[in-house]
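The values are calculated or read from the model by the stated rules, or taken from the named source; none is laboratory data. Small disclaimer: the values here were computed from a predicted structure and weren't measured. With ideal geometry, Cβ positions are generated from the backbone for all residues, glycine too; neighbour counts draw on all protein chains shown.
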Amino acid sequence: MSRLVIVANRVPNPRERGATAGGLAVALKDAMSRREAMWFGWSGQTAEATATEPSINTQGKLTYATLDLGREDYRRYYQGFANATLWPTLHYRLGLALFQRADYAGYRAVNAAFATALAPLLRPDDLVWTHDFHLFPFGAELRRLGCRQRQGFFLHIPFPPFGLFSALPKAEELLADLAAYDVIGVQTEDDAANLRGALVAVGQAEAAERVAAFPVGIDAEAFRKLAERAMDRADTRRFSQSLVGRDLVIGVDRLDYTKGLPQRFAGYAQLLARFKAHHGKVTYLQVAPVSRGDVAQYRSLRRELDEWVGRINGQHAEPDWAPLRYMTRAVPRPTLAGFMRIARVGLVTPLRDGMNLVAKEYVAAQDPADPGVLLLSRFAGAAPQLPGAVLVNPLDPDAIAEALDAALSMPKEERVARWEAMRPAVWEAGARAWGRDFLAALEA
Ligand code: GDG
């Protein structure tokens with residue numbers, strides 16, 4: 001069986017594997033039980049200049065090959081073109097996108113340097129699976145070096161309609177680069193239609209035929225167990241006691257402007273102002289670990305959220321009740337799973353999201369006999385997969401307030417029926433199925 005080579009911007013530190021096990025790690029772990037694999041990409045460290053030789057760490061059938069990034073490359077490629085240009089553009093936020101030719105040059109240079117470092121490590125029958133917006137040109141760079149392996153690409157974030165994407169300088173070049181891949185995966189049918197349309201528009205009709213949707217999933221059973229076991233943990237009990245019988249609403253998001261946090265806070269403020277019955281009876285915990293804190297738009301978002309928290313608690317709190325609890329530190333995964341299980345409502349309202357795994361984790365964490373309600377943005381990739389969720393337009397704080405009121409008042413029979421409607425998608429379309437389906441397409 002051919003070896004699998006995963007190429008991604010970040011390679012998890014092998015010493016922290018358990019702690020950082022995301023969907024990719026789960027899918028890889030499953031594929032790995034049957035084959036040899038290599039994980040190639042950035043180490044997460046910066047240095048004077050980008051390394052040319054990867055450092056190699058082999059553990060059983062899995063090899064980690066990582067490169068440090070030069071500081072200037074980090075600024076241009078990672079902070080610049082990937083996070084300040086592509087991220088907002090692909091999330092439909094042209095107004096936030098910054099474009100600088102020097103950033104784009106750095107982005108191309110890092111993709112070329114990664115390809116140059118990986119090429120000598122490749123075997124002729126390797127399957128190369130490249131991930132996400134940091135690496136659009138990577139496959140084409142490998143081809144330029146004469147690599148003929150089968151290559152797949154998966155985009156974890158949305159792909160917008162061509163009219164929007166084409167505003168990006170170099171849009172055509174990036175689309176032409178995608179033609180190097182034999183399989184081009186996206187999260188949803190909408191993303192697939194948009195990407196096909198864009199490829200056709202720039203004369204890459206043949207590449208358009210290689211685009212398909214592979215919705216990312218989680219290891220639902222593992223998360224369910226984590227949540228169930230968390231009920232015996234001291235931190236879960238302490239938290240639960242601190243609620244003194246009040247209903248919990250939970251939000252868990254990287255602190256990112258795509259997640260719709262100001263609108264969500266505005267929605268919660270509307271709930272408190274318009275639906276007095278919930279006064280003193282509900283607590284909303286928002287966990288929002290700081291991410292990309294060195295990119296300007298993220299710093300201003302953080303200030304805006306700090307203000308919202310002050311305003312909401314200032315206006316509505318009682319001496320013994322803070323309606324909103326907010327933390328920008330990350331919470332350990334088992335603790336998070338327990339908090340999700342306790343929550344009567346999971347509030348997931350991104351303005352745009354490729355998939356959104358928190359929505360699926362919230363469903364997996366519930367007690368089937370007394371489940372909570374998932375309140376979900378129409379614009380999350382997960383929405384078409386989760387028919388039992390209460391869908392909202394995340395741009396409409398009044399609609400969020402009304403949906404919250406409905407969710408908090410929902411009778412148990414309806415909560416159970418809605419949860420049952422979501423169970424198959426969360427369990428069956430999981431991380432393993434995702435990895436298996438993508439690799440089957442790549443091998444075909
Ligand atoms: C990208 C796409 C797509 C969050 N806070 C804490 C914590 N988390 C975990 C969540 C979840 C993960 O991080 C976030 O995943 P999402 O899917 O929700 O969002 P992105 O980070 O934006 O991921 C997204 C995904 O890629 C996969 O393709 O679904 O659309 O944007 O697992 O639980 N984990 C811990 N502490 C926290 O405080 N331990």
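Taking the condition touching a helix residue (DSSP H, G or I) at 6+ places or on another chain (Cβ under 6 Å) and either surrounded by fewer than 20 Cβ atoms within 10 Å (Cβ to Cβ) or in a helix (DSSP H, G or I) (or both), does ARG229 pass? Write out each step before concluding.
Values: touching a helix residue (DSSP H, G or I) at 6+ places or on another chain (Cβ under 6 Å): no; either surrounded by fewer than 20 Cβ atoms within 10 Å (Cβ to Cβ) or in a helix (DSSP H, G or I) (or both): yes.
It is false that ARG229 is touching a helix residue (DSSP H, G or I) at 6+ places or on another chain (Cβ under 6 Å) and either surrounded by fewer than 20 Cβ atoms within 10 Å (Cβ to Cβ) or in a helix (DSSP H, G or I) (or both).
Return the only residue of PHE223, PHE214, PHE275 being hydrophobic (A, V, I, L, M, F, W, C) and over 19 Å from the mean Cα position of the chain (by Cα).
Working: PHE223 fails: over 19 Å from the mean Cα position of the chain (by Cα); PHE214 fails: over 19 Å from the mean Cα position of the chain (by Cα).
Of PHE223, PHE214, PHE275, the one residue that is hydrophobic (A, V, I, L, M, F, W, C) and over 19 Å from the mean Cα position of the chain (by Cα) is PHE275.
Identify the single condition in (1) more than 9 Å from the ligand (Cβ to nearest atom); (2) touching a helix residue (DSSP H, G or I) at 6+ places or on another chain (Cβ under 6 Å) that VAL348 does not satisfy, given that it satisfies every other one.
The one condition VAL348 does not meet is (1).
Among the residues of the range 72-91, is any assigned to a loop (DSSP other than H, G, I, E, B), within 30 Å of ASP190 (Cα to Cα) and either touching a helix residue (DSSP H, G or I) at 6+ places or on another chain (Cβ under 8 Å) or away from the ligand (no atom under 16 Å from the Cβ) (or both)?
Here is the first cut: in the range 72-91, the ones assigned to a loop (DSSP other than H, G, I, E, B) are 91.
If we keep only those that are within 30 Å of ASP190 (Cα to Cα) as well, we get 91.
From what's left, either touching a helix residue (DSSP H, G or I) at 6+ places or on another chain (Cβ under 8 Å) or away from the ligand (no atom under 16 Å from the Cβ) (or both): 91.
Yes, the conditions are met somewhere in the range 72-91.
What about ARG341, is it of a type outside the set (S, T, N, Q), surrounded by 15 or more Cβ atoms within 10 Å (Cβ to Cβ), under 24 Å from GLU420 (Cα atoms) and within 16 Å of the ligand (Cβ to nearest atom)? Let's see the steps before the verdict.
Numbers: of a type outside the set (S, T, N, Q): yes; surrounded by 15 or more Cβ atoms within 10 Å (Cβ to Cβ): yes; under 24 Å from GLU420 (Cα atoms): yes; within 16 Å of the ligand (Cβ to nearest atom): yes.
When the stated conditions are applied, ARG341 passes them.
Tell me which residues, restricted to the range 55-66, are surrounded by fewer than 21 Cβ atoms within 10 Å (Cβ to Cβ), not in a loop (DSSP other than H, G, I, E, B) and not hydroxyl-bearing (Ser, Thr, Tyr).
If the condition is that a residue be surrounded by fewer than 21 Cβ atoms within 10 Å (Cβ to Cβ), not in a loop (DSSP other than H, G, I, E, B) and not hydroxyl-bearing (Ser, Thr, Tyr), then ILE56, ASN57, GLN59, LEU62 are the ones that fit.
I'd like the residue in the range 147-175 that is polar (S, T, N, Q) and surrounded by 17 or more Cβ atoms within 10 Å (Cβ to Cβ) and, out of all such residues, is farthest from the ligand (Cβ to nearest atom).
Top of the filtered list is GLN149.
Looking only at the range 299-333, count every residue that is within 16 Å of the ligand (Cβ to nearest atom) and of a type in the set (Phe, Trp, Tyr) and tell me the total. Please lay out each step first, then the result.
Step one: filter the range 299-333 for residues within 16 Å of the ligand (Cβ to nearest atom), giving 301-302, 305, 325-333.
Filter once more, so that each one left must be of a type in the set (Phe, Trp, Tyr): 326.
Residues in the range 299-333 being within 16 Å of the ligand (Cβ to nearest atom) and of a type in the set (Phe, Trp, Tyr): 1 in total.
Please name all residue pairs, on different chains or six or more residues apart, with Cβ atoms under 8 Å, provided the first residue is in the range 43-54 and is surrounded by 13 or more Cβ atoms within 10 Å (Cβ to Cβ) and the second residue is in a loop (DSSP other than H, G, I, E, B).
SER43/VAL11; GLY44/VAL11; GLY44/ASN13
Give me the pairs: first residue in the range 13-41 and modelled with pLDDT of 70 or more, second residue among the polar types (S, T, N, Q) and within 16 Å of the ligand (Cβ to nearest atom), beta-carbon distance under 6 Å, and six or more apart or on different chains, which are they?
If the second residue must be among the polar types (S, T, N, Q) and within 16 Å of the ligand (Cβ to nearest atom), the pairs left are GLY41/ASN9.
Restricting to the range 118-148, give me the number of residues that are within 20 Å of LEU86 (Cα to Cα), out of contact with any Asp or Glu (no Cβ under 8 Å at 6 or more places or on another chain) and not aromatic (Phe, Trp, Tyr).
6
Among the residues that make up the range 92-113, is at least one of them in contact with a Ser or Thr (Cβ under 6 Å, 6 or more places away or on another chain), surrounded by fewer than 22 Cβ atoms within 10 Å (Cβ to Cβ) and part of a strand (DSSP E or B)?
No, that holds for no residue.
Within the range 232-254, how many residues are in contact (Cβ under 8 Å) with a residue 24 or more places away in the chain and either assigned to a helix (DSSP H, G or I) or exposed (fewer than 13 other Cβ atoms within 10 Å of the Cβ) (or both)?
Step one: list which residues in the range 232-254 are in contact (Cβ under 8 Å) with a residue 24 or more places away in the chain, which gives 233, 235-236, 239-240, 243, 246-254.
Filter once more, keeping what is either assigned to a helix (DSSP H, G or I) or exposed (fewer than 13 other Cβ atoms within 10 Å of the Cβ) (or both): 235-236, 239-240.
Within the range 232-254, residues that are in contact (Cβ under 8 Å) with a residue 24 or more places away in the chain and either assigned to a helix (DSSP H, G or I) or exposed (fewer than 13 other Cβ atoms within 10 Å of the Cβ) (or both) number 4.
Can you find a residue that is within 14 Å of the ligand (Cβ to nearest atom) and outside any helix (DSSP H, G or I) anywhere in the range 261-284?
Checking the range 261-284: not a single residue is within 14 Å of the ligand (Cβ to nearest atom) and outside any helix (DSSP H, G or I).
Being free of Cβ contacts under 8 Å to residues at least 40 places away in the same chain and within 16 Å of the ligand (Cβ to nearest atom) is the filter; apply it to the range 193-221 and report the residue that is surrounded by the most Cβ atoms within 10 Å (Cβ to Cβ).
Within the range 193-221, the subset free of Cβ contacts under 8 Å to residues at least 40 places away in the same chain is 193-194, 196-211, 213.
Still in the running and within 16 Å of the ligand (Cβ to nearest atom): 194, 213.
Working: ASN194: 22, ALA213: 17.
Selected residue: ASN194.
Among the residues of the range 353-372, which ones are closer than 17 Å to PRO424 by Cα and more than 6 Å from the ligand (Cβ to nearest atom)?
Residues satisfying the conditions are ALA359, LYS360, TYR362, VAL363, ALA364, ALA365, GLN366, ASP367, PRO368, ALA369, PRO371, GLY372.
Could you count how many residues in the range 50-67 are closer than 19 Å to GLN79 by Cβ and either of a type in the set (Asp, Glu) or at pLDDT below 95 (or both)?
2
Hey, can you tell me all the residues within the range 311-326 that are within 25 Å of ASN393 (Cα to Cα) and either of a type in the set (A, V, I, L, M, F, W, C) or exposed (fewer than 15 other Cβ atoms within 10 Å of the Cβ) (or both)?
Selection gives ARG311, ILE312, LEU324.
Please determine whether any residue of the range 201-210 is in a helix (DSSP H, G or I), in contact with a Leu (Cβ under 6 Å, 6 or more places away or on another chain) and over 24 Å from LEU24 (Cα atoms).
We begin by selecting, within the range 201-210, every residue in a helix (DSSP H, G or I); these are 201, 205-208.
Right, trim to in contact with a Leu (Cβ under 6 Å, 6 or more places away or on another chain) and you get 207-208.
After this cut, where a residue has to be over 24 Å from LEU24 (Cα atoms) as well, the list is 207-208.
Looking for residues that are in a helix (DSSP H, G or I), in contact with a Leu (Cβ under 6 Å, 6 or more places away or on another chain) and over 24 Å from LEU24 (Cα atoms), one finds at least one in the range 201-210, hence yes.
Can you find a residue that is at pLDDT 95 or above, part of a loop (DSSP other than H, G, I, E, B), buried (at least 22 other Cβ atoms within 10 Å of the Cβ) and more than 19 Å from the chain's Cα centre (by Cα) anywhere in the range 177-192?
yes
When you scan the range 119-145, how many residues do you find that are more than 18 Å from LEU178 (Cβ to Cβ) and either buried (at least 21 other Cβ atoms within 10 Å of the Cβ) or touching a residue at least 24 places away in the same chain (Cβ under 8 Å) (or both)? Show your work before the answer.
Our first condition is that a residue be more than 18 Å from LEU178 (Cβ to Cβ); within the range 119-145, this holds for 119-126.
Next, only the ones that are either buried (at least 21 other Cβ atoms within 10 Å of the Cβ) or touching a residue at least 24 places away in the same chain (Cβ under 8 Å) (or both) stay: 119, 121-126.
The number of residues fulfilling the criteria is 7.
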